[in-house]
1. Give the residue that is surrounded by the most Cβ atoms within 10 Å (Cβ to Cβ), with candidates limited to residues of the stretch 15-28 that are of a type in the set (S, T, N, Q) and in a loop (DSSP other than H, G, I, E, B).
2. Take the stretch 218-249 and flag every residue that is within 21 Å of the chain's Cα centre (by Cα) and small (Gly, Ala, Ser).
3. From the list Ser11, Ser31, which one is modelled with pLDDT of 95 or more, exposed (fewer than 14 other Cβ atoms within 10 Å of the Cβ) and more than 22 Å from Val212 (Cβ to Cβ)?
4. Could you list all residues from the stretch 142-170 that are open to solvent by less than 10 Å² (accessible area, probe 1.4 Å) and more than 16 Å from Asn191 (Cα to Cα)?
5. Among all residue pairs at least 6 apart or on different chains, which show Cβ distances below 8 Å where the first residue, located in the stretch 227-240, is under 17 Å from Ala203 (Cα atoms) and free of Cβ contacts under 8 Å to residues at least 60 places away in the same chain and the second is part of a loop (DSSP other than H, G, I, E, B) and open to solvent by 70 Å² or more (accessible area, probe 1.4 Å)?
6. Would you mention how many residues in the stretch 124-138 are open to solvent by less than 20 Å² (accessible area, probe 1.4 Å) and closer than 25 Å to Gly154 by Cα?
7. Which pairs turn up if I take residues in the stretch 200-224 that are closer than 10 Å to Val164 by Cβ and among the aromatic types (Phe, Trp, Tyr) and look for partners that are at pLDDT 95 or above and not in a strand (DSSP E or B) with beta carbon separation below 9 Å, at least 6 apart in sequence or on another chain?
8. For a quick check of your reading: which strands (runs of 3 or more DSSP E) sit entirely within the stretch 174-249 and have at least 1 residues that are open to solvent by 50 Å² or more (accessible area, probe 1.4 Å)?
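The values are calculated or read from the model by the stated rules, or taken from the named source; none is laboratory data. Keep in mind that what you see is a predicted model, and the values were worked out from it rather than measured. When we count neighbours, we look across all protein chains shown, and the Cβ atoms used for this are built from the backbone with ideal geometry, even at glycine. SASA here: full protein model, heavy atoms, side chains in, ligands and nucleic acids out. Shrake-Rupley method; radii C 1.70, N 1.55, O 1.52, S 1.80 Å.
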Amino acid sequence: CAGNSIPSDYSKSKLDLYKSTDHGKTWSFVSSIASGGQPKSENGYTPVWEPFLLVADNKLIVYYADQRDPRYGQKNVHQTSADGVNWGPVVDDVTSPLYIDRPGMPVVAQMGNGNYIMTYEVCGSEHCKISYKISPDPENFGSVKGTRLIAEDGTSPESSSYVVWLPTGGANGTLAVSAFSDESLFLNTQNGEGSWTKIKSNAEIGYSRGLVPMPDGHSVFVISGGPHPLGTDRANSVTYGTVDLKGGG
């Protein structure tokens with residue numbers, strides 16, 4: 001489990017890794033992955049944000065949003081580790097030639113064909129629209145051009161994306177994407193190529209909303225961290241729902 005360790009005086013940000021060997025009953029500290037400055041989501045500050053963990057090729061990969069590079073307002077990067085303690089160099093995954101742009105919220109899933117998809121938001125000039133990249137190598141998204149996610153009905157979801165793959169809906173399975181702008185889910189059954197379909201879900205909108213494929217192979221568990229983003233000082237509640245994709249739609 002990785003999260004952002006922020007002291008009560010909001011003086012710094014730090015992505016820390018913890019582990020549990022008893023199914024989540026107890027946890028122990030493993031390592032600090034990356035450290036940054038004050039946790040302010042404004043250009044010119046230097047925090048780190050939003051870690052996402054993936055295991056591939058016997059390595060632990062952590063993807064996160066990084067404001068420490070003075071060339072960019074924010075970018076998406078990753079680091080890898082063979083033991084969870086020692087971490088490799090920072091590798092760029094998503095950058096923008098416009099300093100004001102803020103790629104963030106990276107989430108990665110492996111599809112049935114072996115390729116990997118990364119979804120992310122681009123705030124700034126793109127108003128937090130969701131884009132994605134597809135690569136056969138989860139450590140080489142930086143060389144891939146991003147594609148804006150636009151549904152068949154013209155909807156372009158925004159902010160806080162999350163992606164999973166399920167083995168339902170045909171030979172290619174189904175990609176399911178969530179975003180903060182909409183309660184809906186966005187589905188694709190062509191390994192990220194072609195069109196995306198917007199479907200209603202029975203899960204509430206959430207600033208931080210995660211997806212978990214269920215063991216039945218065709219349902220997705222949706223858990224939402226509430227409708228109010230960081231810094232609003234309004235109460236949030238954690239809600240959940242299960243959406244049966246029923247063959248991809």
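1. Among those that are of a type in the set (S, T, N, Q) and in a loop (DSSP other than H, G, I, E, B), it is Ser20.
2. Ser219, Ser224, Gly225, Gly226, Gly231, Ser237, Gly241, listed by residue number.
3. Ser11
4. Pro157, Ser160, Ser161 - these are the residues of the stretch 142-170 that are open to solvent by less than 10 Å² (accessible area, probe 1.4 Å) and more than 16 Å from Asn191 (Cα to Cα).
5. Close Cβ pairs (under 8 Å, with a partner that is part of a loop (DSSP other than H, G, I, E, B) and open to solvent by 70 Å² or more (accessible area, probe 1.4 Å)) amount to Pro227/Glu204; Pro227/Asn236; His228/Arg234; His228/Ala235; His228/Asn236; Thr239/Glu204.
6. Of the residues in the stretch 124-138, 4 are open to solvent by less than 20 Å² (accessible area, probe 1.4 Å) and closer than 25 Å to Gly154 by Cα.
7. So the pair list comes out as Phe221/Met214.
8. 182-188, 197-199, 209-213, 219-224, 239-244
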